[in-house]
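Novice: Could you have a look at this structure, given as C-alpha cells, before my questions?
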Amino acid sequence: MLADKRIAIIGSGTMGRIIASGLLKSGKVKPEQVRATARTKASAEKVARELSVACTTANAEAAEGADLVILCVKPKDVAKAADSLHVGGNRPLVLSIAAGISTAFLEGLFEAGTPVLRAMPNTPCLIGKGMTVLAKGNHATDDHIALATEVFAPLGRVLELEEKHMDTVTGLSASGPAFIYIIIEALADGGVMRGLPRNVATTLVAQMTLGAAEMVLTTGRHPAALKDDVTTPAGCTIAGILALEDGRIRSVLARGVETAARVAGELGK
Ligand SMILES: NC(=O)c1ccc[n+]([C@@H]2O[C@H](COP(=O)([O-])OP(=O)(O)OC[C@H]3O[C@@H](n4cnc5c(N)ncnc54)[C@H](OP(=O)(O)O)[C@@H]3O)[C@@H](O)[C@H]2O)c1
C-alpha cells in the first residue's frame, strides 16, 4: 500500500528522522515519495543532506497532494504546524506521534471527516527494535491502521490499542528506554565498584538486558517465573534481590511509569 503513497513528514527531529529513514530502508518507499519539513532552514538542509529526501521549511508545500501526513513536531507545536498545512478537502490520513495530543483535538484542526491516527513509537525504532502503539480517531478505519502498520513495522513491533491507553503507553514504552538506560548504568556501576572496567561492565549489562527481554518475549512466561529460575535457595541472586527490594525497586519503577503517563496526559493541555 505504501508503494504508491505520497508522504509528508512534518517535523524532522529525532523521531521524524527515524521514521523517514525507516521508510526508506524498508525499500517500500522511494525518496521521491517523501517530503519532509523542519522549522529552521539549517535543520531542513541537514536532514535533506543526511537522508537524501526533499526537506524544507514549507509545510503547505510538503503536504500538498499527500496521502499521508505524519506530524512529528513537539506537542506544543502541533496546532501551529497543522494550521500551516492547508490540506483542506484533500483529507489525507493524518498520523500524529505527539505525546498527549488526542485524536479529538487533532480532528478539530482539520477538515471535518479527516481520518486521524495517533502513534506512539520510541527511540529504539532507530535500530529496528522499536515499540509502536497505534490508536484510531473517529474517522480512521482498519485500512488506515494497516497503512500505519506498514510505516512502523520496519522499525519494530506494532500494536493497536484503544486511545484511552495512549498516555500510559507514552509513560511506559516511549519514556521507558530512558528508564532502562538508567538501570543499565546503575547495574554497571555495581560491576565497576567490584573492579570491572566501565566498558566491560556496560557490555555485560546491555547483553544481559537484551537476553532477559528476549526470554520474556519468546517464552511468554511470567517474569516472576523466569526470575525464580535464576534464584537458587540461599544463593547470591536472592541475596541481591532482597537488597533491591529493601530499596523499594518495584514501586519506584512502577511509580516512574505512572508519573510519566500522568505528565504525558498533561502535555496537550
Ligand atoms: N523523542 C522520543 O523518544 C519520542 C518518542 C515518541 C514520541 N515522541 C513525540 O515525537 C514528537 C517529536 O519529538 P522529537 O523528540 O523528535 O522532537 P525534536 O527532536 O525536537 O524534533 C521536532 C522537530 O519539529 C520541527 N518543528 C518545530 N516546529 C515546526 C513547525 N511549525 N513546522 C515544521 N517543523 C517544525 C523541528 O524543527 P527544528 O529542528 O528546525 O527546530 C524539529 O525538526 C513529539 O511530539 C514527541 O511527543 C517522541
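The values are calculated or read from the model by the stated rules, or taken from the named source; none is laboratory data. From a predicted model like this one, the values you see are computed outputs, not experimental measurements. Note that each Cβ is placed from the backbone with ideal geometry, even for glycine, and that neighbours are counted across all protein chains shown. The area values use the complete protein model at the heavy-atom level, side chains included, leaving out ligands, DNA and RNA. Shrake-Rupley method; radii C 1.70, N 1.55, O 1.52, S 1.80 Å.
Novice: Within the range 86-106, restricting attention to residues that are aliphatic (A, V, I, L, M) and near the ligand (Cβ under 9 Å from one of its atoms), which residue is farthest from the chain's Cα centre (by Cα)? Let's see the steps before the verdict.
Specialist: Of the range 86-106, the ones aliphatic (A, V, I, L, M) are 87, 93-95, 97-99, 101, 104, 106.
Then drop every residue that is not near the ligand (Cβ under 9 Å from one of its atoms), which leaves 97-99, 101.
On the way: I97: 8, A98: 10, A99: 10, I101: 14 Å.
So the residue we want is I101.
Novice: Taking the range 29-44, which residues are open to solvent by 90 Å² or more (accessible area, probe 1.4 Å) and either away from the ligand (no atom under 15 Å from the Cβ) or over 17 Å from L85 (Cα atoms) (or both)? Write out each step before concluding.
Specialist: Here is the first cut: in the range 29-44, the residues open to solvent by 90 Å² or more (accessible area, probe 1.4 Å) are 30, 32, 39, 41.
Once the filter is applied, which keeps residues that are open to solvent by 90 Å² or more (accessible area, probe 1.4 Å) and either away from the ligand (no atom under 15 Å from the Cβ) or over 17 Å from L85 (Cα atoms) (or both), the range 29-44 yields K30, E32, K41.
Novice: Then there is this: Can you spot a residue in the range 69-77 that is open to solvent by 60 Å² or more (accessible area, probe 1.4 Å) and within 13 Å of the ligand (Cβ to nearest atom)?
Specialist: The answer is yes; a qualifying residue exists.
Novice: Among E258, E185, E245, which is the only one that is of a type in the set (D, E), modelled with pLDDT of 95 or more and under 30 Å from K164 (Cα atoms)?
Specialist: Within the list E258, E185, E245, the selection yields E258.
Novice: Look at S52 and say whether it is open to solvent by 20 Å² or more (accessible area, probe 1.4 Å), touching a residue at least 60 places away in the same chain (Cβ under 8 Å), among the small types (G, A, S) and more than 10 Å from the ligand (Cβ to nearest atom).
Specialist: Spelling it out, it is not the case that S52 is open to solvent by 20 Å² or more (accessible area, probe 1.4 Å), touching a residue at least 60 places away in the same chain (Cβ under 8 Å), among the small types (G, A, S) and more than 10 Å from the ligand (Cβ to nearest atom).
Novice: Now a separate question. Given (1) under 23 Å from S84 (Cα atoms); (2) within 16 Å of the ligand (Cβ to nearest atom); (3) not aliphatic (A, V, I, L, M), where does G22 come up short, assuming only one miss?
Specialist: (1)
Novice: Can you tell me which residue among A135, A146 is buried (at least 20 other Cβ atoms within 10 Å of the Cβ) and either within 16 Å of the ligand (Cβ to nearest atom) or of a type outside the set (S, T, Y) (or both)?
Specialist: A135
Novice: In addition: Among the candidates A140, A174, which residue alone is over 25 Å from T209 (Cα atoms), surrounded by 21 or more Cβ atoms within 10 Å (Cβ to Cβ) and in contact with a Pro (Cβ under 9 Å, 6 or more places away or on another chain)?
Specialist: Details: A174 fails: over 25 Å from T209 (Cα atoms).
It is A140.
Novice: Before we move on, is A82 closer than 18 Å to G16 by Cβ and either assigned by TED's automatic domain parsing to the domain that holds I18 or within 17 Å of the chain's Cα centre (by Cα) (or both)?
Specialist: Yes.
Novice: Those residues that are in a helix (DSSP H, G or I) and either within 10 Å of the chain's Cα centre (by Cα) or in contact (Cβ under 8 Å) with a residue 24 or more places away in the chain (or both), I need them from the range 169-182; list them, please.
Specialist: Across the range 169-182, the qualifying residues are V169, T170, G171, L172, S173, A174, G176, P177, F179, I180.
Novice: For the range 1-18, how many residues are modelled with pLDDT of 95 or more, under 21 Å from V87 (Cα atoms) and either under 17 Å from the mean Cα position of the chain (by Cα) or surrounded by fewer than 16 Cβ atoms within 10 Å (Cβ to Cβ) (or both)?
Specialist: Adding up the residues that qualify gives 5.
Novice: If you take the residues in the range 55-68 that are surrounded by fewer than 19 Cβ atoms within 10 Å (Cβ to Cβ) and over 16 Å from L93 (Cα atoms), which one is nearest to the ligand (Cβ to nearest atom)?
Specialist: Only one residue tops the list, namely T57.
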